[in-house]
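What follows is a set of notes on a single structure, which appears directly below.
The values are calculated or read from the model by the stated rules, or taken from the named source; none is laboratory data. Here the structure is a predicted model, which means the values were calculated and not measured. Every residue, glycine among them, receives a Cβ derived from its backbone with ideal geometry; neighbour counts consider all protein chains shown. For the accessible areas, the whole protein counts, side chains as well, though only heavy atoms, and no ligand, DNA or RNA atoms are used. Shrake-Rupley method; radii C 1.70, N 1.55, O 1.52, S 1.80 Å.
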Amino acid sequence: MTSIAPPGPDTLVARRPEVEWSPAAGAERPPSRRRGNRSAAIELGSCALASLAFIWLLFTIAGLSAPFGFVVCWYLLFLVSYAVLSNSLHGRLVMKDRLATIGVWSGSLVAGLALAAVIGFVVFKGAPVAFAKFPHFWTTDMTRGGAATPVTSVGAGAAIMGSVEQVGIAALFSVPLAILTAVYLVESQSVLAKIVRNIVDAMTGTPSIIAGLFVYLIWVQPHGVNGKSGVAAAVALTVLMLPLTTRASMEVIKVIPGGLREAALGLGAPPWRVVLQVVVPTARTGLITAAILGVARTTGETAEVLFTAGGNQRYNLNPVHGWQDDLPLRIYELIGQPSLNAIREAWGVAFVLVSVVLAFFVLSRSVGSSGRGTLISRLLRAARRPTIGDTP
Amino acid sequence: MTALDQMVGFPQQQYGANAGQARLVARNVSAWFGTKKVLERISLNMEPGQVSALIGPSGCGKSTFLRILNRLHELVPVAALSGSVELDGENIYGPTASVTRTRLKIGMVFQKPNPFPSMSIAQNVLAGLRLSGTKVHNRDALVQECLERAGLWKETRNRLNESGYSLSGGQQQRLCIARALAVRPRVLLLDEPCSALDPISTGVIEETIRELCRDVTIVIVTHNMQQAQRISDTCALFLIDDEGKPGYIVESGPTDQMFSRPNDPRTADYVNGRFG
Ligand SMILES: Nc1ncnc2c1ncn2[C@@H]1O[C@H](COP(=O)(O)OP(=O)(O)OP(=O)(O)O)[C@@H](O)[C@H]1O
Ligand SMILES: [Mg+2]
C-alpha cells in the first residue's frame, strides 16, 4: 500500500528548481522563462561523457565493434547514471522531470533524424545537379538531354511549370469547394450531410492510382492521343485534393465555439452571412493551412499524373492542349532510363520537388501561427517574422 | 430621437419614438430538450418601456426562456417548443415571421461572453450592423457611443484595433453589450450581464439599462436580488420542483410588490435568501 505524503514546504520549489519564476522585488521586467542553468548543463554533460568513456572502455576491452549496440549501451548507461545523479543531488521529483525531458527529446531526435536522413540524402544527391550553373536547371527543359550530353545541359523547367499549372488548377477547383463542403458538413445535421461525410472519409482513403485510372478511363481513353493534358492531370489531382482539404477544413471549423454562431445569429444575421463573415474568418488561418497542406500533398503525387499528364520533354504551357510534364512524372521517367546521367538528373528533379513541398509546409506553418490581418499582410508578416528562438 | 438614431440612420418611426411600443408576450410556452421538458407553460408579459427581471435558482430554465424569446432555442437540434411569443401582437413563431428580422429586433447578450475573435474591438461593436447588411454613416461616433454606454470606452479607446479576444472576461462581456446596443434593438435580452463585473462596471451597465428602457423593452436574468430590486419594474420568479422536472413561474408582478408583499410564500423565501 502506498501512502500519499502531504505536500511539504519544498514541493513547489522542487517542481521546477531550474526556473526562476519570481522576479526580485520591484523588478520592472518579467523574469526570463528560459529553463536550465549552467550546473544542470554540467551534470548532463558529465553523465554523457562518463558513460561514453565507460562504454568505450568496455567495448575496447571486450573487442566488440557494433556501432548500433554501442550507441544503445551508451544511451542506457547515460540514462541510469543521469537518473542516479539527479536523484542524489535534487531528489525524486527532479529526477522524474529530467528523465521525462530526456525521453521526449531523444524520441523527437530519433524521429527528426529519420526525416533529416531522407531529405539530407536527396539534398546530397540532387543539390549539386540543381545548383550547377544556377538557375539553369530550374529554367531549361529536357530536350537537349541524351546519354552523351553533360548533365548540366538539361533542366526541370518544363516539369516545374507543369506541376505549378496542374496543382494550381487542381487547387482552384478543390480549395473553394472543399471549404464550402466542410462548412456544410459541420453546420448541417441532415441525412445528406451524413452521407457526404462518409463519402469524403472514403475518398480520403482512395488509393491515388484509382484516381488516375478513373480520369484515364472517362476522359483520356475516349479522346485518344489528345486525351492526356495538364487539365486531365489536374482533375485527377482534384480527386485526391478535394477530400484531403475537406477533412482538414472540417477539423478546423469544428473547433469554432458554437457560441460564436449563436452570437452572430442572435444579432439577426442570415446564416450565409454568419458563415462568410464569422465562421470562415475565425477559421481562416486553419483553412489556409488546410489548403496549403492539401496542395503540398498532391504536388508529390505520381500515380494520378502517370496516365493523365502524358509527360513532355519540351515546355508546354498550355494546360488544355498537348501532353504536359510535371515533377513526379519526370523523376519516374528519368529513373527508368538506362543512363547514369538520367539517374543524376532524376536526383536533381527530386531535389526541386522536395524543396517545393518543403516550402509549402514552411508556408503553411508560418501562416497558421500568425495572428489576425488580411491574407496578404499575413503572408508578408510570416515571411518577415523571425523564427522562434531568434528573439533577444 | 437620439444621437444614435441619427448616426445609424434608421428610419425614425421604426425606432426612436415608437420603440417604446414594443411589447413582448409569452403565452403558454413549454420547452423540451429531447424528451426532457425544461419549461412548463410559461406565460409572461414584458411591458414596453420597462425592465423585466427573471430570477430563480440555477438550472430552472431562465436562459432557455430568454433564448426562446429570440428564436435561438431552435438552433439546438433536439430542442422542441410549444406555445407562442408575440412581439407587438405578432407571433414571432408564426408561419410568416422572418427569423432574422425577429432576431434583429430582439437583441441578446449571452451568459458567456462571445466576442468575434476574427474582428477587432471596433469591428465587434459594428458586427451586428455588418452582419445584417445595414449601412452606417458615422462609424467612429457610433463605436464610441456604444462603448461608452457599455462602460468600456476608457479602457479600449487606445486599442480599438486589437482583437476582441485580447480583453478580459468582464471587458468581453461589456463588449458584447456594446455590440447588442449598436443594432438598436427594440427588445434587449440580457442573460446575467453583470455576473463577471466589478461594482463600478455593474453600476455603469445598470445606469445604461435604466436609460435604455425608455426606448427599449428590457428582459434581464439576474442572480443578484439587489440588482433586480434596483433596476427592474416587474419581476418573475422561476422555480423547479425536482431535478428532471420542468421549470415554471411561481409568481410575477411589480418588483416592489414581489419583494415586499409577495403572494406566494416561496417567493418570500427566495427573495429573502431562505431557499433550499
Ligand atoms: N443544449 C442543451 N441540451 C440539453 N439540455 C439543456 C441544454 N441547455 C440547457 N439544458 C437544460 O435545460 C435546463 C435549463 O437550463 P438553463 O440554461 O435554461 O438554466 P438557467 O436557469 O439559465 O440556469 P443558470 O442560472 O445556471 O444559468 C437545465 O436542466 C439544463 O440542463
Ligand atoms: Mg442561464
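Brief remarks follow.
- Heavy-atom accessible area buried between chains A and B is around 2000 Å² (1.4 Å probe, both sides summed).
- Positive-end residue of B:V136, B:I205, B:I249, charge dipole of chain B with Cβ unit charges: B:V136
- Buried on assembly, the stretch B:112-159 (at least 10 Å² less accessible surface than by itself, 1.4 Å probe): B:N114, B:F116, B:P117, B:S118, B:M119, B:G128, B:R130, B:L131, B:S132, B:G133
- Debye, to nearest 20: dipole size of chain B, +1 on Lys, Arg Cβ, -1 on Asp, Glu Cβ: 640 debye
- Net charge over other residues, Cβ less than 11 angstrom from the Cβ of A:V215 (K, R count +1; D, E count -1): 0
- Contact with the other protein chains removes 10 Å² or more of accessible area, compared with the isolated chain and a 1.4 Å probe, from these residues of the stretch A:269-283: A:A269, A:P270, A:R273, A:Q277, A:V278, A:P281, A:T282.
- Percent accessible area from carbon and sulfur atoms, chain B, protein chains only, probe 1.4 Å: 46 percent
- When you filter the trypsin sites (Lys or Arg not before Pro) in the stretch B:212-272 for DSSP loop state and at most 11 other Cβ atoms inside 10 Å of their Cβ, you are left with B:R214.
- Among the trypsin sites (Lys or Arg not before Pro) in the stretch A:116-219, those placed in a DSSP loop whose Cβ has at most 10 other Cβ atoms within 10 Å are A:K133.
- Accessible area per residue in Å² at 1.4 Å probe, computed on the stretch A:35-116: 67 Å²
- Here's how it looks for B:A53: its modeled amide H is under 5 Å from those of B:I220, B:D233, B:T234, B:C235, B:A236, which are all 5 or more places away or on a different chain.
- Residue-count net charge about A:V252 - beta-carbon cut-off 14 Å; Lys, Arg +1, Asp, Glu -1: +1
- Carbon + sulfur, % of accessible area of the stretch A:34-127 - ligands and nucleic acids excluded, 1.4 Å: 80 percent
- Per residue accessible area in Å² of the stretch B:54-150, where ligands, DNA and RNA are left out and the probe is 1.4 Å: 39 Å²
- A simple spin-label model places the labels of B:D198 and A:S190 5.1 nm from each other, with each point 7 Å out along Cα-to-Cβ.
- Partner aspartates and glutamates whose Cα lies under 18 Å from the Cα of B:K37, excluding those fewer than 8 positions away in the same chain, are identified as B:E74, B:D241, B:D242, B:E243.
- MRE, 222 nm, helices only [DSSP H, n ≥ 4, -39500 (n - 2.57), over the protein assembly as shown, to nearest 500]: -17000 deg cm²/dmol
- Less than 5 angstrom separates the built amide H of B:A79 from those of B:G34, all sequence-distant by 5 or more or on a different chain.
- Choice from B:V99, B:V29, B:V109 with maximal GNM fluctuation in chain B (Cα, 10 Å cutoff): B:V99
- FRET E, pair A:W272, B:F33, Förster distance 45 Å, beta-carbon r, rounded to 0.05: 0.95
- Surrounding net charge for B:A53, when Lys and Arg each add one and Asp and Glu each subtract one, Cβ distance under 14 Å: -4
- Accessible-area order (highest first, 1.4 angstrom probe) of the listed residues A:D325, B:D264: B:D264, A:D325
- In the stretch B:210-276, GluC sites (Glu not before Pro) in a DSSP loop with at most 16 other beta-carbon atoms within 10 Å: B:E243
- Over 24 Å (Cα to Cα) - which of B:K62/B:K105; A:K254/B:K36; A:K194/B:K112; B:K112/B:K135; B:K62/B:K245; A:K254/B:K112 fall in this group: A:K254/B:K36; A:K194/B:K112; B:K112/B:K135
- Chain B: angle of helix B:121-131 to the longest principal axis, Cα-based, in degrees nearest 10: 70 degrees
- Backbone geometry of the stretch A:256-261 corresponds, through the Karplus equation with coefficients 6.51, -1.76 and 1.60 at θ = phi - 60°, to 3J(HN,Hα) couplings of 5, x, x, x, 5, 4 Hz, x marking Gly and Pro.
- Surface composition of the stretch A:139-373: carbon plus sulfur atoms contribute 70% of the solvent-accessible area (1.4 Å probe, protein chains only, all chains present).
- q = 0.16, 0.22, 0.25 Å⁻¹, the stretch A:34-127: log10 I(q)/I(0) [Debye, one scatterer per Cα]: -0.81, -1.10, -1.22
- Listed residue (A:A127, A:V72, A:S39) projecting farthest to the positive dipole end of the stretch A:34-127, Cβ model: A:S39
- Residue (of A:S355, A:L185, A:P207) at the positive-pole extreme of the stretch A:139-373, dipole from beta-carbon charges: A:L185
- For the protein assembly as shown, the dipole from Cβ point charges (+1 on Lys and Arg, -1 on Asp and Glu) about the Cα centre works out to 840 debye, to the nearest 20.
- Fraction in percent of alpha-carbon pairs per bin - 10 Å, the stretch B:141-276: 11, 37, 29, 17, 6, 0
- Amide H contacts of B:V109 (H built 1.01 Å from N, under 5 Å, at least 5 apart or other chain): B:L189, B:L190, B:D191
- Chain B: most fluctuating residue of B:G247, B:G203, B:G133 per GNM, C-alpha cutoff 10 Å: B:G133
- Label-to-label distance for B:R214 and B:D264 is 3.5 nm, based on points extended 7 Å past Cα in the beta-carbon direction.
- The value of relative contact order for the stretch A:112-228, using C-alpha pairs under 8 Å at least six residues apart, is 12 percent.
- Centre-to-centre separation between the Cα atoms of the stretch A:105-180 and those of the stretch B:114-180: 48 Å.
- Mean-position separation - Cα centroids, the stretch A:267-327 and the stretch A:212-264, in angstrom: 8 Å
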